[in-house]
Amino acid sequence: MGKPKVGIYGLTGCAGDQLAILNCEDELLDIAGALDIKSFPMAMSGGDENCPLDIVFVDGAVVQPKDEELLKRLRERATLLVAIGTCAVWGGLPAMKSEIAREELKRKVYGRAGKIFDTTAPQHLSRFVKVDLSISGCPIEKEQLLQSVASLLHGDLPRLPNYAVCTECKMAEYPCVLLEKGQLCLGPITVAGCKARCPSYGQPCIGCRGPVEEANVSSEVRVLKEKGFTWFDIQNRLRTFAAPADCFEDKIFKEGANA
Amino acid sequence: MKIVKLPKENLAKFVSSLSSFGQIHAPVKRGEKSLAFGPVSDFAQIQLNYTRTILPLKKYFFKPIDTMFNFSAEKGYELPMEEPEQRNVFFGVHPCDIHGLKILDLVFSGRYVDNYYFARRNNAAIIGLDCIPDEFCFCRSTGTDFVDSGFDLFLSDIDESYLVRVGTSLGDDMVKATESLFRDIEKQDREKYKGKSIEKRESFQIQIQLQDLPGIMDLEYDSPIWEELGQDCLSCGTCSMVCPTCYCYAVFDELDLDASSGRRMRRWDSCLFKDYALVAGGHNFRAERSSRVKNRFFHKQRGFVSQYGRPSCVGCGRCKAYCPAGIDIVEVINKLRSEIRV
């Protein structure tokens, strides 16, 4: 395969994951050399908005009807679609208050100005299209991005961690912020890849990378309640980055509220 | 075995002298309450009265993440840069952790010798130190509360002095290098040592019976306890990381952006991870969390006994002390045994 034709796009979000690509300063020339970047609206003008793509990287969540249109068009154009960042993979911050009706939120936040745009409950990309590879993180980790690009160039999918932050935390031998400091840590149910950055500074994991596969949310909630955290605080932390994830379905929240 | 006495006021001088044998590593503070083995330049850093470090010594020999070899289209396979041949001197290793190393030695020296492990392991000096059990320790029950081999020197507290057992010729060299610091053993030291031995034996807060446990586990293979544990377990991997005898690793490649060179890596794995038993075709023979928890207990306490004649658990208490969900191996074993006096 020659240089793959690549597009890098953003839906609704802070564009931090596209920025994380630009932040690969030492490797940027290698990336630009290895990929035929056809369009990257955030970083360059004059992109090709119609050509077929081998790989498209998409950050942000689907929050507006135009996001859904763009996403579906990108899916049609690309052989492989890669979701980058927790918004694209799990809904991210925009989805944290989806239990409140959209119109009510819009009125509260934007007042009369909210009339000029449409918005729907924020969702991650896989709710609309097939996603071939998910690189979560808020923002994504540079190492995972580079490993993913290298694997894709090799015609393969990367092997990203699908174990919990606790594993990386223990590998680095950081004191447990949950057991030793009694902090509200989501390390046991959050997917690794950050090398336990927050615990390395004595801070709890707030779940910014989204849930690990088969996250045992019920047990985590029980543990946190036993530590004396209120359901209000637990719920807020669980909902912050990945509220639409299946493991945070309503049942968990009903159980948690009643227990 | 040569046995001598080191007055406590000479300990700092002795430990400092060990730097001529290699880099000294000893238990030091990690955060507010935790401890970890780390390089030591000043005797005052060493926490002599520690109970357990977060990670056991395996982290030095069987590293959490390690490069197995480099590869490229041009050069083929190349071993990673060899580490400098400096000896590491581990001071203050407790009996359970020495037993842990002896078990890893056994496993990694099997049919396919793990040279990554032994390249570092063979360059390590072990200076053991006795300890007092806390509420998590059950090494008395696993038969690992004392050691008779696996150390170069072993220090036991006999109040004003340490009784020093010399286990190897390297240990003897260490004593001889600072001979003036040591004294001969006298009658009262012998009595003191034996008294301390009884004192330690009687200070355990936890006693469980591991004899005949493999049979009981087979009888309880379908016990509802596994399902209950599966509901509590977070699959976070903590117990495997902190276990002195968990030795599973996963192998993966890291590619460079040229997509034709890279590194073959290995990292610590855990049988509690969903993809641990995932095989080609998407089949997973331990897809349920309960079956994975069961597997971990079965391998430690039953499978290992069949293969090596003893359980691989050394009673260090780490899995219990660090499990976020509070899963307690002692409670599990007592439940399996239907112990009523707990």
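The values are calculated or read from the model by the stated rules, or taken from the named source; none is laboratory data. Just so we're clear, the structure is a prediction, and the values are computed from it rather than from any experiment. Counting neighbours? That spans all protein chains shown, and the Cβs are built from the backbone with ideal geometry, glycine included.
Quick rundown of the values:
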| quantity | calculated |
| --- | --- |
| Extreme residue, surrounded by the most Cβ atoms within 10 Å (Cβ to Cβ), among residues of the range A:208-246 that are aromatic (Phe, Trp, Tyr) and in a helix (DSSP H, G or I) | A:Phe241 |
| Residue within the range B:321-331 that is among the charged types (D, E, K, R), within 14 Å of another protein chain (Cβ to nearest Cβ) and within 15 Å of B:Ile208 (Cα to Cα) present | yes |
| Leading residue by the ranking (nearest to A:Leu152 (Cα to Cα)) among those in the range A:1-23 that are modelled with pLDDT of 95 or more and within 14 Å of chain B (Cβ to nearest Cβ) | A:Pro4 |
| Tally of residues being more than 7 Å from every other protein chain (Cβ to nearest Cβ) and closer than 14 Å to A:Ile21 by Cα across the range A:142-163 | 5 |
| Sole residue being on the phi < 0 side of the Ramachandran plot and surrounded by 16 or more Cβ atoms within 10 Å (Cβ to Cβ), chosen from B:Ala12, B:Ala26 | B:Ala26 |
| Any hit, the range B:225-245, residues being in contact (Cβ under 8 Å) with a residue 12 or more places away in the chain, of a type in the set (Asp, Glu) and in a loop (DSSP other than H, G, I, E, B) | no |
| Residue match in the range B:313-323 (condition: in a loop (DSSP other than H, G, I, E, B) and more than 29 Å from B:Tyr50 (Cβ to Cβ)) | no |
| Pick from the range B:45-88, criterion over 22 Å from B:Ile24 (Cα atoms) and among the aliphatic types (A, V, I, L, M), ranking: surrounded by the most Cβ atoms within 10 Å (Cβ to Cβ) | B:Met68 |
| The range B:82-93: number of residues that are touching a residue at least 60 places away in the same chain (Cβ under 8 Å) and closer than 12 Å to B:Phe151 by Cα | 4 |
| Residue check, B:Glu191 among the charged types (D, E, K, R), assigned to a helix (DSSP H, G or I) and under 30 Å from A:Arg222 (Cβ atoms) | no |
| Candidates A:Cys176, A:Cys198, A:Cys205 - the one that is crowded, with 17+ Cβ neighbours inside 10 Å, free of Cβ contacts under 8 Å to residues at least 24 places away in the same chain and more than 8 Å from chain B (Cβ to nearest Cβ) | A:Cys198 |
| Top-ranked residue of the range B:269-290 - restricted to ones that are over 25 Å from the mean Cα position of the chain (by Cα) and within 17 Å of B:Ile327 (Cα to Cα), ranked as surrounded by the most Cβ atoms within 10 Å (Cβ to Cβ) | B:Arg289 |
